[in-house]
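*Asks:* My questions will all concern the structure given below.
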Amino acid sequence: MRAFVLTGPGEGAVLEVPRPVAAPGEVVVDVERAGVCGTDAEFFSGDMAYLRSGHTTYPLRPGHEWAGVVTAAGDGVDPAWVGRRVMGDTMIGDGTCRRCLRGHQHVCERRQEVGIRDGRPGALAEQLAVPVSSLHALPDSVDPVLGALVEPGGNALRAAQATGAGPGDRVLVFGPGTIGLMAAMFARAAGAEVHVMGRTEESLRFARELGFRHAWREDELPDLPFDAVVDATNAAPLPARAVELVEPGGRVVYIGLSATPSMLDTRALVLDDVTAVGILSASPGLAATIEAYAAGTVDPRPLVGATVGLSDVAAVLAGEHSTGPAPKVHVDPRLT
Ligand SMILES: [Zn+2]
């Protein structure tokens with residue numbers, strides 16, 4: 001089968017690789033859709049932190065936002081899974097340690113991450129194999145495009161939930177990329193008044209097209225009380241800026257990662273009674289994200305600016321594939 005393989009920084013190609021087989025407890029999925037994420041671009045550039053920490057080495061096969069159909073089941077797997085449309089959790093804990101047993105498998109010390117960590121091949125391929133325990137079935141109302149948006153959506157839903165915001169609350173989101181805009185959508189669906197802060201007019205115009213009329217550059221931010229601030233950027237100064245802008249007693253939520261340390265004076269948290277939350281991974285938010293998509297309370301499909309075949313992935317990761325203002329690129333591995 002064909003799979004996108006990264007062999008080194010800036011080196012990626014579609015290669016013919018052996019088809020996966022369903023090991024005990026695992027299934028093989030035919031991929032219908034896979035999203036390309038900022039993490040994948042960092043693997044392409046060589047900047048991804050796991051490359052330095054040794055959690056990942058080249059060659060690697062990326063892709064962790066996906067939807068597909070189960071086509072084979074290994075020993076110990078209920079055969080009823082075969083034929084079902086599914087998405088899968090990126091985080092695969094060992095299932096035995098204290099963190100896993102307490103429901104925190106997404107931060108298991110010995111976890112694998114599909115397409116990211118510990119050599120588990122990802123979804124930028126015709127097929128992938130994953131543990132059946134990582135699967136979430138998709139209802140018919142969640143199409144393959146939505147299905148491949150469940151993983152980023154789970155991150156965004158958790159960020160929105162961490163704001164604690166609802167009707168009568170005002171939320172400011174830094175960064176109108178995929179995660180920021182989806183977090184804004186979930187916060188809006190919860191009833192909050194949502195403001196978006198971005199750098200380029202193109203990104204702010206796109207946010208307005210999604211109905212976020214309060215879309216600002218940093219120098220135009222209105223002087224309003226923000227009950228929560230979400231940082232979904234990679235800008236090192238913004239975590240501290242979030243604390244400056246949030247109301248006393250409010251909440252700051254960090255889901256972006258900067259390449260350099262982002263410094264924060266904890267006295268600013270204490271003196272304003274601010275709660276700060278970090279979000280890693282979608283795992284605890286996947287089921288609720290599927291429910292929101294199925295119910296139509298959040299529909300992030302306009303974020304997909306282009307759908308390409310595997311042969312275009314290298315150009316996408318290199319930033320050479322124009323997608324317009326919508327931030328997400330999807331891959332359909334059945335396209336040539
Ligand atoms: Zn564990």
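*Asks:* Once the piece of chain linking Ala318 and Val82 is laid out straight, how much longer is it, given 0.36 nm per residue of separation minus the C-alpha distance between them?
*Replies:* 81.4 nm
*Asks:* Where nothing but the Cβ of Lys and Arg (+1) and of Asp and Glu (-1) is charged, how large is the charge dipole of the chain around its Cα centre, in debye to the nearest 20? Walk me through the intermediate numbers first.
*Replies:* Values: 28 positive and 41 negative charges, 96 e Å.
Rounded to the nearest 20 debye, it is 460 debye.
*Asks:* Can you tell which of Val243, Gly211, Pro167 lies farthest toward the positive end of the dipole of the range 153-278, using +1 and -1 charges on the Cβ of basic and acidic side chains (Lys, Arg; Asp, Glu)?
*Replies:* With unit charges placed on the Cβ atoms, the residue in question is Gly211.
*Asks:* Can you give the accessible area of Cys108, probe radius 1.4 Å, in Å² rounded to 10?
*Replies:* The accessible area of Cys108 comes to roughly 0 Å².
*Asks:* Which whole number of Å³ per residue matches the convex hull of the alpha-carbon atoms in the range 1-152?
*Replies:* Cα convex hull per residue, to the nearest whole number: 107 Å³.
*Asks:* Residue by residue, what Karplus-based ³J(HN,Hα) values in Hz, rounded to whole numbers, does the range 17-27 have, using 6.51, -1.76 and 1.60 with θ = phi - 60° and x for Gly and Pro?
*Replies:* Computed from phi, the couplings for the range 17-27 are 10, x, 5, x, 10, 7, 6, x, x, 10, 10 Hz.
*Asks:* Search the structure for amide H atoms under 5 Å from the amide H of Val230, placed 1.01 Å from N in the peptide plane, and list their residues when 5 or more places away or on another chain.
*Replies:* Correct list: Leu172, Val173, Phe174, Val253.
*Asks:* Please give the net charge around Ala165, taking every other residue with its beta carbon less than 10 angstrom from that of Ala165, where Lys and Arg add +1 and Asp and Glu add -1. Before the final figure, lay out the partial values.
*Replies:* Values: positive: Arg170, Arg188, Arg251; negative: Asp169, Glu193, Asp227.
That sum, taken over residues with Cβ under 10 Å, equals 0.
*Asks:* What are the semi-axes of the equivalent ellipsoid of the range 85-227, taken as the square roots of 5 times the eigenvalues of the Cα gyration tensor, listed largest first and rounded to whole Å? The partial results should precede the final answer.
*Replies:* Working: eigenvalues 220, 64, 42 Å².
Those come to 33, 18, 15 Å.
*Asks:* Right, here's the next one. What whole-number value in cubic angstrom gives the convex hull volume per residue for the C-alpha atoms of the chain?
*Replies:* Working: hull volume 44.8 nm³, N = 336.
Dividing the Cα hull volume of the chain by its residue count gives 133 Å³.
*Asks:* Under a no-solvent Debye model with one identical scatterer per Cα of the range 153-278, what's log10 I(q)/I(0) at q = 0.12, 0.17, 0.20 Å⁻¹?
*Replies:* Relative scattering, expressed as log10 I(q)/I(0), comes to -0.37, -0.77, -1.09.
*Asks:* May I pose another question? Compute the long axis of helix 178-189 from its Cα atoms, compare it with the longest principal axis of the Cα atoms of the chain, and write down the angle in degrees, 0 to 90, nearest 10.
*Replies:* Roughly 60 degrees, rounded to the nearest 10.
*Asks:* Classify the range 78-123 as rounded, prolate or oblate from the Cα gyration tensor: take a ≥ b ≥ c as the square roots of its eigenvalues, call it rounded if a/c is under 1.5, otherwise prolate when a/b beats b/c and oblate if not.
*Replies:* oblate
*Asks:* Right, next: Once the Cα atoms of the range 82-164 are picked out, what are the Rg and Dmax in Å?
*Replies:* Spelled out, the Cα radius of gyration and Dmax of the range 82-164 are 13.8, 39 Å.
The values are calculated or read from the model by the stated rules, or taken from the named source; none is laboratory data. Nothing here was measured: the structure is a model prediction, and the numbers come from that model. Note that we place each Cβ from the backbone using ideal geometry, even for glycine, and neighbour counts take in every protein chain shown. These accessible areas exclude ligands, DNA and RNA; they are computed on the full protein's heavy atoms, side chains included. Shrake-Rupley method; radii C 1.70, N 1.55, O 1.52, S 1.80 Å.
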